[in-house]
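K.L.:
This structure is in structure tokens; I'll ask about it shortly.
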Amino acid sequence: MQKKIVSAFDPVFLVRADGFSPVMTPNGDFFRLYLDYCAPGKNRELAVCASRQPAPEVISSSDGYQIIYPYLLAEDGTKHDIRLTLSSETDEKGAVHFAFEVQNNSSARVNEVQYPLLDFSKLGDDFQNDILYLPDGLGRKIVNPHLDTQLSHTEYMAADYKNIVKMYKYPGQLSMPWAALQSGAHTLYLGSHSKTWRQISIITETEPRQEEENRFMLGIASYPAVMSGETLAYDGFTFALFEGDWREGADLYRKWAESAWLTPIRHKKSIENLNGWQRIIMKHQFGEIYLKYEDLPRVFRAGKKYGINMILLFAWWEEGMDNGYPNYQPSEDLGGAEALRRAIQTINDEGGQVILYANGHIIDISTEYYKTEGYKYTTKDIDGNDYREHYMFSNSGTILKMGNKSFAAGCYGTKEWPEKIMEIEKRHLALGSNGTFFDQLGCGFYLCFDKNHSHGNRIDIDPELRLPTVKKIQEGLNGDQWFGTEWVIDRMSPHVDFTHGCGCGMTYTPDAYPYLFRYAFPEIITSNRFLHDEKRGWKKHLNYAFVFGLIYDVSIYRCRASLLDAPVFGEYVKTLVDMRRKYLNHFIYGKFNTPSFVLPEKIWGAEYTFEGDAVIALWNDTENDYVLPVGRDKGSVLRAGEVNIFRV
């Protein structure tokens with residue numbers, strides 16, 4: 001049940017609701033700005049804190065307030081001609097919506113605005129009993145987030161003597177821009193509901209280690225980069241309170257998404273045949289060749305035997321994996337272009353698909369493309385230099401472990417980089433490919449400070465700029481051609497056919513809580529990840545993927561081999577694929593939810609409802625048999641270590 005929140009400012013920021021009276025931190029900050037003098041040797045991150053400002057003008061109304069600071073004082077005592085207006089408005093259901101406007105007449109740039117910041121000394125329960133639910137990947141459940149943040153002390157890199165801060169970037173690490181903090185009988189929801197798809201961070205913060213008084217802050221950081229002479233307004237920051245759990249927050253976000261940007265997700269019919277893929281590297285980062293084009297049909301048949309009909313083909317081009325981007329030309333060492341076409345056609349004729357890899361994000365700086373023109377189309381950091389990514393893949397030696405490949409990131413705020421991506425897609429299809437997997441297109445977002453790009457001074461709209469290219473790629477495909485990318489992201493994943501899973505929740509870990517994204521966006525097709533062979537407990541990871549409706553990323557020996565080399569692994573995958581096929585409509589088109597009854601510890605489950613028919617996928621990760629206590633299959637037994645599907 002959603003509760004009506006009352007927010008006020010007199011003279012500190014307060015939030016209240018019926019039965020909810022948290023203790024706000026005395027002299028705490030409910031906003032912060034960070035200024036940048038944009039000159040060598042000058043302060044690049046000068047803090048402006050709410051607690052250090054003179055009394056503002058406060059305009060109250062029946063549903064909120066406006067707080068106006070005609071100028072701001074920085075932590076070094078300097079005065080800045082920056083007019084800051086903060087607003088709060090409570091809607092008819094009780095949620096509070098925050099907005100800010102920065103009118104910058106100072107010589108500094110306003111890089112970052114942290115608002116709202118909810119700074120508590122006490123919530124509904126002791127901090128150690130609080131639970132923070134974050135859509136980190138598919139989801140993460142953090143028990144005692146106060147301690148979790150405390151343990152994020154950098155020791156050296158940040159000003160932890162002031163406060164200990166932990167940040168979660170969206171989009172990227174976070175698949176959705178919201179968090180739910182459960183404390184006592186209440187759950188606090190904080191999310192970004194911006195119609196413009198911007199980069200933000202959700203931040204948590206605690207007191208420094210030497211302070212005895214505990215406090216916990218939850219907030220949102222935005223990156224407006226307001227230049228001198230500019231006025232800029234941001235809105236859509238939403239705070240809601242529920243007498244319930246995180247699902248009410250997920251429902252709130254999904255409802256807003258449907259009103260703002262989400263259109264109905266319609267899968268291609270061919271997606272029903274996608275149980276997963278064999279992810280294959282043909283020529284490794286350091287140059288070793290594992291397969292040639294003529295070997296691909298044999299690899300495909302090994303997968304088909306176990307219900308895996310797709311090959312996600314990496315390193316099929318001349319330079320090999322993580323080399324030569326964005327060239328992607330067939331390799332003579334692997335057999336030549338015609339051999340690749342023949343292999344793909346053979347696999348197609350036998351009912352399979354081959355999706356060719358390309359990277360939608362980075363450029364190899366050793367290529368002629370980068371040296372002659374690509375350097376102009378890259379994202380630039382705060383100093384105007386390329387962001388650089390460095391990969392250290394190696395064989396068994398040590399030199400490459402010290403550093404191998406270096407890359408720059410393409411900016412979608414240029415005309416040329418999106419055109420290059422579309423050119424790559426056309427070349428892939430001309431080779432007979434069933435589509436393209438554009439790696440890192442759904443992650444690797446950067447703040448770009450190159451004002452010569454189309455985004456100008458707006459450094460935070462990389463996500464928004466990628467969408468037109470993503471939509472154009474999909475529009476150019478037919479019903480038998482697919483488009484995939486890496487990382488589940490709420491606003492991008494609906495435009496692709498599948499996502500290659502990455503981040504928390506893609507495999508079994510103690511803090512994984514995949515219910516968050518699966519509940520909010522059950523239509524999204526994504527894979528598991530990080531299971532590369534029959535390591536200790538490997539069946540657990542496959543059982544976990546089965547319960548949560550993930551398809552299988554089969555990447556034997558980290559993509560260096562295939563199911564030809566892991567038949568026991570393949571047989572178990574087939575068991576799960578066959579079980580899933582019986583309820584395919586539930587898994588692909590159904591509504592996902594947590595179980596409707598309480599499960600014992602280490603019994604994992606998820607419910608799928610399709611056209612009124614509910615089933616539950618269960619995994620018994622205990623040493624004892626489990627008897628289903630409810631439903632049409634009441635009394636059925638799930639053996640220790642097994643998975644199965646039951647009707648409820």
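The values are calculated or read from the model by the stated rules, or taken from the named source; none is laboratory data. All values reported here derive from a predicted model rather than from experimental measurement. Here the Cβ positions follow ideal geometry from the backbone for every residue, glycine too, while neighbour counts run over all protein chains shown. When the accessible area is computed, the model is the full protein with side chains, heavy atoms only, and any ligands, DNA or RNA have been set aside. Shrake-Rupley method; radii C 1.70, N 1.55, O 1.52, S 1.80 Å.
K.L.:
Is there a residue in segment 99-121 that is without any contact (Cβ under 8 Å) to a residue 60 or more places away in the chain, more than 19 Å from residue 49 (Cβ to Cβ), touching a Leu at 6+ places or on another chain (Cβ under 8 Å) and not acidic (Asp, Glu)? Even if it seems obvious, please write down each step before you answer.
P.N.:
Looking only at segment 99-121, we keep the residues that are without any contact (Cβ under 8 Å) to a residue 60 or more places away in the chain, and these are none.
No.
K.L.:
Still on this model: Pick out the one residue from 241, 312, 296 that is more than 23 Å from residue 527 (Cα to Cα) and not polar (S, T, N, Q).
P.N.:
Every option except 241 fails the conditions.
K.L.:
Going through segment 374-415 one residue at a time, which ones are assigned to a loop (DSSP other than H, G, I, E, B) and aliphatic (A, V, I, L, M)? Show your work before the answer.
P.N.:
Of segment 374-415, the ones assigned to a loop (DSSP other than H, G, I, E, B) are 379, 381-385, 387, 392-399, 403-404, 411-415.
Within segment 374-415, 382, 392, 399 qualify.
K.L.:
Does segment 639-646 contain at least one residue that is closer than 27 Å to residue 497 by Cα, part of a helix (DSSP H, G or I), out of contact with any Cys (no Cβ under 8 Å at 6 or more places or on another chain) and open to solvent by 10 Å² or more (accessible area, probe 1.4 Å)?
P.N.:
no
K.L.:
So residue 454 ticks every box in (1) in contact with a Ser or Thr (Cβ under 9 Å, 6 or more places away or on another chain); (2) under 29 Å from residue 344 (Cβ atoms); (3) open to solvent by 40 Å² or more (accessible area, probe 1.4 Å); (4) of a type in the set (Gly, Ala, Ser) but one. Which box is left unticked?
P.N.:
Of everything listed in (1) in contact with a Ser or Thr (Cβ under 9 Å, 6 or more places away or on another chain); (2) under 29 Å from residue 344 (Cβ atoms); (3) open to solvent by 40 Å² or more (accessible area, probe 1.4 Å); (4) of a type in the set (Gly, Ala, Ser), residue 454 misses just condition (2).
K.L.:
Go through segment 60-69 and give me each residue that's surrounded by 15 or more Cβ atoms within 10 Å (Cβ to Cβ) and among the hydroxyl-bearing types (Ser, Thr, Tyr).
P.N.:
If the condition is that a residue be surrounded by 15 or more Cβ atoms within 10 Å (Cβ to Cβ) and among the hydroxyl-bearing types (Ser, Thr, Tyr), then 65, 69 are the ones that fit.
K.L.:
Of all residues in segment 570-602, which are of a type outside the set (S, T, N, Q) and either open to solvent by 80 Å² or more (accessible area, probe 1.4 Å) or over 18 Å from residue 547 (Cβ atoms) (or both)? I'd like the intermediate steps shown before the answer.
P.N.:
First, pick out the residues of segment 570-602 that are of a type outside the set (S, T, N, Q): 570-574, 576-584, 586-592, 595, 597-602.
Residues satisfying the conditions are 570, 571, 581, 582, 589, 591, 598, 601, 602.
K.L.:
Quick one: residue 558 ticks every box in (1) closer than 30 Å to residue 287 by Cα; (2) in contact with an Asp or Glu (Cβ under 7 Å, 6 or more places away or on another chain); (3) surrounded by fewer than 21 Cβ atoms within 10 Å (Cβ to Cβ) except a single one, so which number is it?
P.N.:
In the conditions (1) closer than 30 Å to residue 287 by Cα; (2) in contact with an Asp or Glu (Cβ under 7 Å, 6 or more places away or on another chain); (3) surrounded by fewer than 21 Cβ atoms within 10 Å (Cβ to Cβ), residue 558 misses (2) alone.
K.L.:
Right, here's the next one. Quick check: is even one residue across segment 32-39 free of Cβ contacts under 8 Å to residues at least 12 places away in the same chain, more than 30 Å from residue 130 (Cβ to Cβ) and surrounded by 12 or more Cβ atoms within 10 Å (Cβ to Cβ)?
P.N.:
From segment 32-39, those free of Cβ contacts under 8 Å to residues at least 12 places away in the same chain are 39; that's our starting set.
Still in the running and more than 30 Å from residue 130 (Cβ to Cβ): 39.
Still in the list and also surrounded by 12 or more Cβ atoms within 10 Å (Cβ to Cβ): none.
No, segment 32-39 contains no residue that is free of Cβ contacts under 8 Å to residues at least 12 places away in the same chain, more than 30 Å from residue 130 (Cβ to Cβ) and surrounded by 12 or more Cβ atoms within 10 Å (Cβ to Cβ).
K.L.:
Return yes when residue 632 is buried (at least 16 other Cβ atoms within 10 Å of the Cβ), farther than 15 Å from residue 522 by Cα and among the charged types (D, E, K, R) and no when it is not.
P.N.:
Details: buried (at least 16 other Cβ atoms within 10 Å of the Cβ): no; farther than 15 Å from residue 522 by Cα: yes; among the charged types (D, E, K, R): yes.
It is false that residue 632 is buried (at least 16 other Cβ atoms within 10 Å of the Cβ), farther than 15 Å from residue 522 by Cα and among the charged types (D, E, K, R).
K.L.:
Let me ask another. In this structure, does residue 301 turn out to be open to solvent by 10 Å² or more (accessible area, probe 1.4 Å), of a type outside the set (Val, Ile, Thr) and closer than 14 Å to residue 356 by Cα? Reasoning before the result, please.
P.N.:
Numbers: open to solvent by 10 Å² or more (accessible area, probe 1.4 Å): yes; of a type outside the set (Val, Ile, Thr): yes; closer than 14 Å to residue 356 by Cα: no.
For residue 301, the condition - open to solvent by 10 Å² or more (accessible area, probe 1.4 Å), of a type outside the set (Val, Ile, Thr) and closer than 14 Å to residue 356 by Cα - is not met.
K.L.:
Among the residues of segment 127-153, what is the count of those that are over 23 Å from the mean Cα position of the chain (by Cα) and free of Cβ contacts under 8 Å to residues at least 60 places away in the same chain? Full working, then the answer.
P.N.:
Step one: of segment 127-153, the residues over 23 Å from the mean Cα position of the chain (by Cα) are 127-130, 147, 150, 153.
Among the residues that remain, those that are also free of Cβ contacts under 8 Å to residues at least 60 places away in the same chain are: 128-129, 147, 150, 153.
Of the residues in segment 127-153, 5 are over 23 Å from the mean Cα position of the chain (by Cα) and free of Cβ contacts under 8 Å to residues at least 60 places away in the same chain.
K.L.:
Working carefully through the options 347, 355, 424, find the one that is open to solvent by less than 50 Å² (accessible area, probe 1.4 Å) and either in a strand (DSSP E or B) or touching a Gly at 6+ places or on another chain (Cβ under 8 Å) (or both). It would help to see each step written out before you state the result.
P.N.:
Details: 347 fails: either in a strand (DSSP E or B) or touching a Gly at 6+ places or on another chain (Cβ under 8 Å) (or both); 424 fails: either in a strand (DSSP E or B) or touching a Gly at 6+ places or on another chain (Cβ under 8 Å) (or both).
Just a single option satisfies the conditions, and that option is 355.
K.L.:
Sort through 494, 510 and tell me the only one that's touching a Phe, Trp or Tyr at 6+ places or on another chain (Cβ under 8 Å) and either open to solvent by 10 Å² or more (accessible area, probe 1.4 Å) or over 28 Å from residue 170 (Cβ atoms) (or both). Full working, then the answer.
P.N.:
Working: 510 fails: touching a Phe, Trp or Tyr at 6+ places or on another chain (Cβ under 8 Å).
Of 494, 510, the one residue that is touching a Phe, Trp or Tyr at 6+ places or on another chain (Cβ under 8 Å) and either open to solvent by 10 Å² or more (accessible area, probe 1.4 Å) or over 28 Å from residue 170 (Cβ atoms) (or both) is 494.
K.L.:
Here is a further query. With 456, 444, 432, 479 as the choices, which residue is assigned to a loop (DSSP other than H, G, I, E, B), in contact with a His (Cβ under 6 Å, 6 or more places away or on another chain) and not charged (D, E, K, R)?
P.N.:
444
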